[in-house]
1. Suppose every Lys and Arg Cβ carries +1 and every Asp and Glu Cβ carries -1, with no other charges. What dipole size does the stretch 15-89 come out with about its Cα centre, to the nearest 20 debye?
2. Would you kindly derive the ³J(HN,Hα) couplings of the stretch 33-47 from the backbone phi angles with the Karplus curve 6.51 cos²θ - 1.76 cosθ + 1.60 (θ = phi - 60°), listing them in order in whole Hz, with x for Gly and Pro?
3. In whole angstrom, how long is each semi-axis of the equivalent ellipsoid of the stretch 72-121, when you take the square root of 5 times every eigenvalue of its Cα gyration tensor and sort them from largest down?
4. For Cα pairs less than 8 Å apart in space and 6+ apart in sequence, what is the mean separation divided by the residue count of the chain, i.e. the relative contact order in percent?
5. Return the distance in nm (one decimal) between the two label points of a simple spin-label model at ASN109 and ASN43, each offset 7 Å from Cα along Cα→Cβ.
6. Ranked highest first by average number of other Cβ atoms within 10 Å, how do 28-40, 65-77 line up?
7. What number comes out for accessible area per residue over the stretch 1-108 if the probe is 1.4 Å? Units Å², please.
8. Report the per residue volume, in Å³, of the convex hull enclosing the C-alpha atoms of the chain.
Amino acid sequence: QVQLVESGGGLVQTGGSLRLSCAVSGNVFAIYTMGWYRQTPGNQRELVAGITGGGVANYADSVDGRFTISRDNAKNIMYLQMTNLKPEDTAVYYCNANIRRVIGGPRYNDWGQGTQVTVSS
């Protein structure tokens, strides 16, 4: 079993900051690309930011320059530092990780349960 647990969401005013964390635990041999996604009611889940195992990051245009994704490979934790938050950033944020659980086994795309981020105007 593998678990991804997000934390750090909450209510913040426009212009404020939050840091999300995603901790991976369980049967993990290797974690490859990780990412943060978000979803609002009635809409598809969208990629916010992704990061490779080597630390190469990419961002959605809407958050580039405001959000920073990072990871601690020793601790199996991924972060999303969000600054200058806007009401349109309001969503449920999900972490995603591409994980090989055992040597030679397949990779799985695992998801966390989501954490709510609400930005008030």
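The values are calculated or read from the model by the stated rules, or taken from the named source; none is laboratory data. Bear in mind the structure is a predicted one, so any value in this text is a computation, not a measurement. In this analysis, Cβ positions are derived from the backbone assuming ideal geometry, glycine residues included, and neighbour counts consider all displayed protein chains. Each accessible area value is taken on the protein alone, full model and side chains, heavy atoms only, with ligands, DNA and RNA left out. Shrake-Rupley method; radii C 1.70, N 1.55, O 1.52, S 1.80 Å.
1. On the way: 7 positive and 6 negative charges, 41 e Å.
Rounded to the nearest 20 debye, it is 200 debye.
2. Along the stretch 33-47, the couplings run 5, 10, x, 10, 10, 9, 8, 10, x, x, 10, 6, 5, 10, 6 Hz.
3. On the way: eigenvalues 182, 31, 9 Å².
Gyration-tensor ellipsoid for the stretch 72-121: 30, 13, 7 Å.
4. Here the relative contact order equals 36 percent.
5. Simple spin-label model gives 2.0 nm for this pair.
6. Details: 28-40: 18.2, 65-77: 14.9.
Peptide ranking by packing, descending: 28-40, 65-77.
7. Working: 5640 Å² over 108 residues.
For the stretch 1-108, the solvent-accessible area averages 52 Å² per residue.
8. Working: hull volume 11.7 nm³, N = 121.
It is 97 Å³ per residue.
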